[in-house]
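Encoded as structure tokens, here's the structure I'll be asking about.
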Amino acid sequence: MPPTTGRYEVVIDNDSIQRLDLSPFQTATGITTPSLADPREYMDRTIGFTINYKREDPGDPRELSEYPDIRLWFVRLDAMYPWLPLLLDWRAGELARYAAMLVPHQMSLRMGVVFNPEALELFVMTKVFVVYPWLKRHGVPKPRLKTSDMARMLGFGIGDQLFDLIDDDSHHQPPTHSL
């Protein structure tokens, strides 16, 4: 599907990728301090990426998600903004593309991106443990549903039992400083 109208568009190029420079993300979205980001400001408008990457060899057949330097840029972005998958433009395929930058996979002519199943499961579960409490902290309505929808987009169903465990565990944890 086409990108969501009015979404935040993050444009990165070889220079920002080589320098691991996250300022294009920060400038496009206005999110400079991860702990101050309010999910309600971004969930409707969503976030997408334009990757203007000039290949050294124009005949190189690899997909963008197969270039180590591009993947490293996304690893850094994900480390700084671990809840970002929730805010991406899912309808335009941004969640799947983001996952491809972070999860080992192979390209298949017939099936497209084929994720390593165990790695994808670990990625999704990590995001559930990050996104759900983040949404609750910000008072976003229906945090279970929104987190479940994100996991479902990547092929995983999350039951209420897991959310109950997360909720139960949060009562036993000492307060943590958020990023």
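The values are calculated or read from the model by the stated rules, or taken from the named source; none is laboratory data. Quick caveat, the model's predicted, so the values are computed rather than measured. Side chains included, ligands, DNA and RNA excluded: accessible areas come from the protein's heavy atoms. Shrake-Rupley method; radii C 1.70, N 1.55, O 1.52, S 1.80 Å.
Keeping all protein chains in the complex and leaving out DNA, RNA and ligands, what accessible area do you get for T4 with a 1.4 Å probe, in Å² to the nearest 10?
Estimated to the nearest 10 Å², T4 gives 30 Å².
Here is a further query. Per residue, how much accessible surface does segment 1-53 expose to a 1.4 Å probe? Answer in Å², no decimals.
52
Shifting gears a bit: Solvent-accessible area per residue for segment 67-138 at a 1.4 Å probe radius, Å²?
Per-residue value: 46 Å².
Follow-up. Among (1) 74, 50, 28; (2) 55, 36, 31; (3) 44, 43, 25, find the value of Cα extents along the principal axes in Å that was calculated from the structure presented, and write down its label.
(2)
Along segment 153-168, what does the Karplus equation 6.51 cos²θ - 1.76 cosθ + 1.60 (θ = phi - 60°) give for ³J(HN,Hα), rounded to whole Hz, x for Gly and Pro?
4, 9, x, 10, x, 10, x, 4, 4, 5, 4, 4, 4, 4, 4, 4
Once you have the Cα-Cα distance between L109 and L64, take 0.36 nm times their residue separation minus that, and quote the gain in nm to one decimal.
14.7 nm
Between segment 110-137 and segment 26-84, what is the separation of their alpha carbon centroids in Å?
For segment 110-137 versus segment 26-84, the Cα centre distance is 16 Å.
For the chain, what is the calculated [θ] at 222 nm in deg cm²/dmol (nearest 500), taking -39500 (n - 2.57) for each run of four or more DSSP H residues and dividing by its residue count?
Calculated at 222 nm, the ellipticity per residue is -13000 deg cm²/dmol.
Follow-up question, since we're still on this one. Counting only protein heavy atoms, what percent of the accessible surface of the chain is carbon or sulfur at a 1.4 Å probe?
Summing carbon and sulfur atoms, their accessible area is 55 percent of the total for the chain.
Among L95, L122, L86, which one shows the highest mean-square fluctuation when the chain is modelled as a Gaussian network with alpha-carbon springs under 10 Å?
L122
Rank T33, T46 by accessible area, highest first, at a 1.4 Å probe radius?
Sorted by accessible area, descending: T33, T46.
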